[in-house]
1. I need the phi-derived Karplus couplings for the stretch 130-135: 6.51 cos²θ - 1.76 cosθ + 1.60, θ = phi - 60°, integer Hz, Gly and Pro marked x.
2. How much accessible area does Ile8 have with a 1.4 Å probe, in Å² rounded to the nearest 10?
Amino acid sequence: MKFKIILITLILSAAACNKSKPLDDVDPETLKPTGGEMNRPGYSFDSELADDECRFVSDLLSLYYSDGGVIFSREEADASTTIYRAVSLATGDCAELHFSYTSPRLIVNDKEIPIKSATMERENESGAWINILTPDYRHIVFVVTDL
């Protein structure tokens, strides 16, 4: 008798768990988060655009031209890649951004840092203001002006 009750309970439980819609019919668009990844609140690049001092600012390293002994440069590597560099003559610390719209690369002190995106926020005859975003949504600022 106990066996029959357990068996009936098991069958009813399995029937109650039946899905009304198969998993294959789920629209992948409904699983995407709303809003863009770049539109996370709490960060504005406006203050960086207002300041034309050459600088590289990240959690790992900060180099400012006004500190003295820091050299900034820009070099056209090829038709699609521009290399921006910041080097401290006193410490040897350096940052190098290989900027391209398809596959940007950031190297800090000879170690490649993973980046999610690099956006040219402003580029004109006096320089470039670049907003770099890491996979964990940390912002890195690279400004190279008056070259």
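The values are calculated or read from the model by the stated rules, or taken from the named source; none is laboratory data. This one's a predicted model, so the numbers in the text were calculated from it and none came from an experiment. Accessible surface is based on the protein model in full, side chains and every heavy atom, while ligands, DNA and RNA are left aside. Shrake-Rupley method; radii C 1.70, N 1.55, O 1.52, S 1.80 Å.
1. Coupling constants for the stretch 130-135: 10, 9, 10, 10, 8, x Hz.
2. For Ile8, solvent-accessible area is about 100 Å².
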